[in-house]
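The values are calculated or read from the model by the stated rules, or taken from the named source; none is laboratory data. Given the structure is predicted, the values throughout are model-derived calculations rather than measurements. In this analysis, Cβ positions are derived from the backbone assuming ideal geometry, glycine residues included, and neighbour counts consider all displayed protein chains.
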Amino acid sequence: MRNLTNALIALFLILSATSCISPKKVNEIKDDFLKSDEERKYLKSENQRLETENKEQSASIENSKNNIKALSEDTTTLGLELRRKVKEYDRVNKLNDQLLKKQAESSQLSEAENRKLIYELQTAQENLQNKEDALLALERELNLKKSNLDKLSTALVDREKRVNELEAIIAEKDARVKDLKNKVTNALLNFKDKGLTVEQKNGRIYVSMEAELLFPSGSTAINTEGKKALVDLAKVLEKQENITVLVEGHTDVDAYRGSGQIKDNWDLSVMRSTSVVKIMLENSKLDPTVLTAAGRGEFMPLDPAKTAEAKAKNRRIEIILTPNLDQLFEILDKASATEE
């Protein structure tokens, strides 16, 4: 395009040089040409702008068509959603009306029914309170029983301890009594077939001597053989500790027919037991405080028959050996004081 313009200018210059056209005219032509060229350039530029704008408008139109299509689709969807919402709204309104109706019906409950409900509530609360009170009472009772149980448990432990102590003491006493019986039996072995017996019963040792072994008939004087038996027995007893010795005189039922200081069987039984005690004390180191002389007369027979054999058996001296139970009694006294 620039070459064409230059060619035209060159042509005008040639014409101006070879013709009779005046320079003024040439300049006018030149100016007209330049103006036309400028207009052409402008129109060309404007044409390009319009083409560009046309393309942009076409694109905008296409975009608008797409938007219109999308909007149309959205409108359809929104229409469906709107109709669904309207139905939902109608349903909610119906439910609301039903709720309002039920609320109105509920508010119209009779006063009697309200009072019944209040009464039932109060009754339930009272029952609950009564149960709570009963529970508290049971809890207090349980605590009291627990406290008593603890005390009883402690008392039981103490009692078991005392029982164990008693059992130990009793076992020791039994062992000592058994040992003493064996010693007494061995010491009096020579008199076994002469009316002398040794028995262990009720925690005691009973040495029984028939009167014929010790005394002449109706007498309180001890014969030689009887004295030997008593001395042998005393020698065993003098080595024992914590025992008491009870000497009992017994007669048969026949009335005493002698004279002098002895008046009856009572006197005879007592004086015979006294004679035995004296012999034992005179021939041993026995402590007199552990000895007791007693008379039973005819009132504690071994055999109630009236035969000669029974009467001979009933006429006897019984020496009863008893272990000292002071230690046992002390434990029992402590137990009694604790229980009180």
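Within the stretch 270-322, the residues that satisfy the criterion of being in contact (Cβ under 8 Å) with a residue 12 or more places away in the chain, in contact with a strand residue (DSSP E or B) (Cβ under 9 Å, 6 or more places away or on another chain) and farther than 25 Å from VAL177 by Cβ are VAL270, MET271, ARG272, THR274, SER275, GLY295, GLY297, GLU298, PRO301, ALA312, ASN314, ARG315.
With respect to LYS181, determine if the residue is touching an Asp or Glu at 6+ places or on another chain (Cβ under 9 Å) and at pLDDT 80 or above. Judged against the criteria, LYS181 is a match. Just wondering, is there one or more residues in the stretch 111-125 that are part of a helix (DSSP H, G or I), aromatic (Phe, Trp, Tyr) and more than 30 Å from ILE243 (Cβ to Cβ)? Yes, the conditions are met somewhere in the stretch 111-125.
Within the stretch 198-212, the only residue that satisfies the criterion of being under 15 Å from HIS250 (Cα atoms), out of contact with any Asp or Glu (no Cβ under 9 Å at 6 or more places or on another chain) and either of a type in the set (Phe, Trp, Tyr) or part of a strand (DSSP E or B) (or both) is GLU210.
The conditions of being among the small types (Gly, Ala, Ser), over 22 Å from THR244 (Cα atoms) and crowded, with 18+ Cβ neighbours inside 10 Å are met by ALA211. When the test is whether a residue is of a type in the set (Gly, Ala, Ser) and at pLDDT 85 or above, ALA168 does not pass it.
Conditions (1) over 19 Å from LEU214 (Cα atoms); (2) modelled with pLDDT of 95 or more; (3) of a type in the set (Asp, Glu); (4) under 60 Å from the mean Cα position of the chain (by Cα), marked per residue:
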residue	(1), (2), (3), (4)
LYS235	no, yes, no, no
GLU241	yes, no, yes, yes
LEU246	no, yes, no, yes
GLY258	no, no, no, no
SER273	no, yes, no, no
GLU282	no, yes, yes, no
THR322	yes, no, no, yes
LEU328	yes, no, no, yes
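Take the conditions of a type in the set (Val, Ile, Thr) and either at positive phi or surrounded by fewer than 17 Cβ atoms within 10 Å (Cβ to Cβ) (or both) and apply them to THR251. Does it pass? Taking the combined requirement at face value, the residue does not satisfy it.
Can you confirm whether the stretch 93-100 contains a residue that is touching a residue at least 40 places away in the same chain (Cβ under 8 Å) and part of a helix (DSSP H, G or I)? Checked the stretch 93-100: no residue is touching a residue at least 40 places away in the same chain (Cβ under 8 Å) and part of a helix (DSSP H, G or I). Being in a strand (DSSP E or B), more than 60 Å from the chain's Cα centre (by Cα), modelled with pLDDT of 95 or more and not β-branched (Val, Ile, Thr): is that true of GLY226 here? Here the answer is no, as GLY226 does not meet what is asked.
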